[in-house]
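Notes follow once the structure below has been shown.
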Amino acid sequence: MRTVLLGAPGSGKGTQGVVLSKKYNIPQISTGDLLRAAVSAGSELGKKAKTAMDAGALVSDDIVIGLIRERISDNDAKNGYILDGFPRNIVQAEALDAMLEELDQPLQGVVLLDVAFEELMQRLTGRRTCKDCGAIYNVHLSPPKTADHCDACNGELFQRADDNEETIGNRLNVYQDQTAPLIGYYGDQDKLHSIAGTGNIDDITTAVGAIFDTL
Ligand code: AMP
């Protein structure tokens with residue numbers, strides 16, 4: 001099942017991606033995670049990406065398209081994947097379509113997690129992630145039982161470097177200008193499914209799953 005989760009920063013793509021990846025036994029492929037790993041490793045690619053990431057801007061298309069090309073050819077992605085945070089603009093979407101056409105394995109569906117702009121800021125400033133298992137919490141909306149520790153594995157929680165108010169503002173603008181046009185792009189291909197990304201997390205998973213089951 002070859003799918004994309006589309007949505008603004010803070011819309012829940014990562015949270016849903018983790019759960020759905022387990023449910024459907026296909027990898028969640030997040031360009032943000034791949035880039036953060038490259039930055040932590042101090043690789044050349046990570047150094048190139050860091051400035052744009054710190055500013056909340058997009059990393060160059062060449063870099064992220066290269067990362068995706070490699071990652072989707074890994075063995076664990078042969079039965080499909082959930083792309084999270086890619087594509088982020090029309091150039092990337094066209095590159096993905098061309099890449100998948102070559103493999104004769106087109107995208108099957110794109111799910112938009114629709115969340116009102118005002119809610120995104122609160123979600124992003126409160127977001128905390130487990131260093132060990134990647135589970136995502138929110139200190140305002142869904143806090144862990146023990147402060148700073150993961151309920152599932154007791155790993156330490158951290159706040160992403162780009163989850164500060166100034167960078168968040170830029171990231172939301174970038175979404176509006178560059179990523180939101182993908183709604184029309186995939187709508188024209190009849191691949192877009194839009195669901196409300198607010199309310200109970202499990203209910204949202206059920207709604208996305210109901211769409212995945214039709215693909
Ligand atoms: P995310 O974890 O998806 O919110 O991504 C964090 C940051 O990584 C973004 O603000 C961008 O700087 C960079 N990034 C992630 N995915 C992409 C992409 N597909 N294209 C360009 N930059 C990206």
Pairs under 8 Å by beta carbon, first residue under 14 Å from G17 (Cα atoms) in segment 193-205, partner assigned to a strand (DSSP E or B) and at pLDDT 95 or above, six or more apart or different chains? G197/L113; G197/D114; I204/L113; I204/I195; I204/A196
Answer residue from segment 156-215, given it is among the small types (G, A, S) and outside any helix (DSSP H, G or I) and is least open to solvent (accessible area, probe 1.4 Å) among those: G197
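Got a sec? Which of L113, L172 is among the hydrophobic types (A, V, I, L, M, F, W, C), within 23 Å of G199 (Cα to Cα) and within 12 Å of the ligand (Cβ to nearest atom)? Reasoning before the result, please.
On the way: L113 fails: within 12 Å of the ligand (Cβ to nearest atom).
On inspection, the qualifying residue turns out to be L172.
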Taking the residues in segment 74-90 that are within 26 Å of Y175 (Cα to Cα) and touching a strand residue (DSSP E or B) at 6+ places or on another chain (Cβ under 9 Å) as candidates, determine which candidate is farthest from the ligand (Cβ to nearest atom). G80
Reported set for segment 14-31 where residues are near the ligand (Cβ under 10 Å from one of its atoms) and at pLDDT below 95 is G14
Quick one: what pairs do we get from segment 54-79, first residue touching a residue at least 60 places away in the same chain (Cβ under 8 Å), second outside any helix (DSSP H, G or I) and of a type in the set (K, R), C-beta under 7 Å, 6+ apart or different chains? L58/R88
Just to be sure before I move on: is F117 at pLDDT 95 or above and closer than 28 Å to F158 by Cα in the structure I sent? no
State which residue is nearest to the chain's Cα centre (by Cα) when the search covers only segment 63-90 and only residues that are open to solvent by less than 30 Å² (accessible area, probe 1.4 Å) and under 19 Å from L215 (Cα atoms). D84
Is segment 55-62 home to any residue that is within 24 Å of R171 (Cα to Cα), within 18 Å of the chain's Cα centre (by Cα) and more than 10 Å from the ligand (Cβ to nearest atom)? no
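Name the residues in segment 91-100 that are more than 12 Å from the ligand (Cβ to nearest atom) and either open to solvent by 30 Å² or more (accessible area, probe 1.4 Å) or hydroxyl-bearing (S, T, Y) (or both), would you?
Of all residues in segment 91-100, those more than 12 Å from the ligand (Cβ to nearest atom) come to 94, 97-100.
The answer is E94, D97, A98.
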For segment 131-142, give me the residue count where each residue is within 22 Å of A8 (Cβ to Cβ), open to solvent by 30 Å² or more (accessible area, probe 1.4 Å) and of a type outside the set (S, T, Y). 4
Residues of segment 1-38 satisfying the condition of being assigned to a loop (DSSP other than H, G, I, E, B), aliphatic (A, V, I, L, M) and open to solvent by 20 Å² or more (accessible area, probe 1.4 Å): M1
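The values are calculated or read from the model by the stated rules, or taken from the named source; none is laboratory data. None of these values were measured; they are calculated from a predicted model. For neighbour counting, all protein chains shown are included, and Cβ atoms are generated from backbone atoms with ideal geometry for every residue, glycine included. Note: accessible area is taken over every heavy atom of the protein model, side chains too, but ligands, DNA and RNA are not part of it. Shrake-Rupley method; radii C 1.70, N 1.55, O 1.52, S 1.80 Å.
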